[in-house]
Amino acid sequence: MSATLLIRADASPQIGTGHVMRCLALAQAWQEQGGKVVFASVLISPGLAERLRTEGIELHSIAQVPGSAADAHETTALAQELRAPWLVVDNYHFDDNYQQLLKQRGLRLLAIDDYGHATHYHADMVLNQNIYASVDLYPQCNPNTKLLLGCDYALLRREFWPWRDWQRPIAATARRVLVTLGGADPHNTTARVVQALDLIAAVDLEVVVLIGASNPYLSAIEATVRASRHQIVVRQNVSDMPELMAWADVAITAAGSTCWELLAMGYPH
């Protein structure tokens, strides 16, 4: 297969990076089959853009209001130029009208979703990887729309694939802590978590704090870490997430796609 997959997704400190990162998993699977991938974005951080480039993915800038008719027209024009057999969209501003405009141009469409935000789904396929996903979220969709629902469709990136059969040892006392609150963390919850860990006095902790590519609070977090009683390392925009998850005894995370990665790595829940 040498066809090009076009993915339309955005990321920012406000939106977060989860939409792009889970689409990266789909992109990697397409590449494994010999295909090429292009991401089209209105909003994306420099660090995340560089991550896509290191994955051999081309990045195209959409110069329109996200989710607007102009956005849909520019995206469909790019899909037709690339002769992409599929277009993937992932964000909450890709609503009923947006999907309809894409389908009117004859595109095959996969919409990645979380909670049934659109009033009607025109996509050929809707993928919702969440544990609560059900057909009840999609009462209004085209007759031929295929629903891919539940954790069987969890989007795990390439770096997790070799760990499928790994068995986690469960420590009697958790001493190694992984803190990962997503790629953006717009309210700097990471700093408050580090401060809360200082309330643990009975155990000396080793902590790795992960900062995403769109996190604007690196300096503030580093200052909080320097004041901590525990041994803490801060790392930004990592590519060895499975190894770090295997190292830690326990993780503190946000309620996003990282949860599926932690479950895949055998964390108790």
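Read-outs: derived from the displayed coordinates by stated rules, not from any lab. Keep in mind that this is a model prediction, so the values were computed, not measured. Cβ sites come from the backbone with ideal geometry, for glycine too, and all protein chains shown count toward neighbours.
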Checklist entry - Using the per-residue mean of other Cβ atoms lying within 10 Å as a proxy for protection, in what order, highest first, do the peptides 171-177, 238-244 fall? => result 238-244, 171-177
Next on the checklist: Let's test the formula: R0 of 35 Å, r as the Cβ-Cβ distance of residue 146 and residue 70. What FRET efficiency results, to the nearest 0.05?
Outcome noted: 0.75
Next on the checklist: Starting from the 7 Å offset along Cα-to-Cβ, what nm value, one decimal, do you get for the label separation of residue 96 and residue 61?
Outcome noted: 3.4 nm
Checklist entry - Hey, what's the Cα Rg ratio for region 160-264 versus the globular rule of thumb, 2.2 N^0.38 Å? => result 1.05
Item to check | Packing-based ranking, highest mean first, of 105-111, 164-170 given that Cβ atoms within 10 Å are counted | outcome: 105-111, 164-170
Checklist entry - Using the Cα gyration tensor of region 4-155, with a ≥ b ≥ c the square roots of its eigenvalues, what is the shape: rounded (a/c below 1.5), prolate (a/b larger than b/c) or oblate (neither)? => result rounded
Checklist entry - Among rounded, prolate and oblate, which fits region 73-169 when a ≥ b ≥ c are the square roots of the eigenvalues of its C-alpha gyration tensor, a/c under 1.5 means rounded, and a/b larger than b/c means prolate? => result oblate
Checklist entry - Of all DSSP beta bridges located in the chain, what percent are antiparallel, nearest 5? => result 0 percent
Next on the checklist: Among DSSP bridges having both ends in region 4-155, what percentage is antiparallel? Round to the nearest 5.
Outcome noted: 5 percent
Next on the checklist: Rounded to the nearest angstrom and ordered from largest down, what semi-axes does the equivalent ellipsoid of region 143-222 get from its C-alpha gyration tensor (root of 5λ)?
Outcome noted: 31, 21, 12
Next on the checklist: As I understand it, the dipole of region 160-264 uses +1 on the Cβ of Lys and Arg and -1 on the Cβ of Asp and Glu, about the Cα centre. Which of 210, 200, 189 lies farthest toward its positive end?
Outcome noted: 200
Item to check | Distance (nanometres) between label positions extended 7 Å along Cα→Cβ at residue 50 and residue 168 | outcome: 3.0 nm
Item to check | Modelled FRET efficiency - R0 22 Å, residue 2 with residue 158, Cβ distances, 0.05 increments | outcome: 0.70
Item to check | Peptides 15-21, 197-203 ordered by average Cβ neighbours within 10 Å, highest first | outcome: 15-21, 197-203
Item to check | Pairwise centroid distance, computed over Cα atoms, of region 164-205 with region 209-249, Å | outcome: 10 Å
Checklist entry - Which values, in whole Å and largest first, are the semi-axes of the equivalent ellipsoid of the chain obtained as the square root of 5 times each eigenvalue of the Cα gyration tensor? => result 36, 20, 17
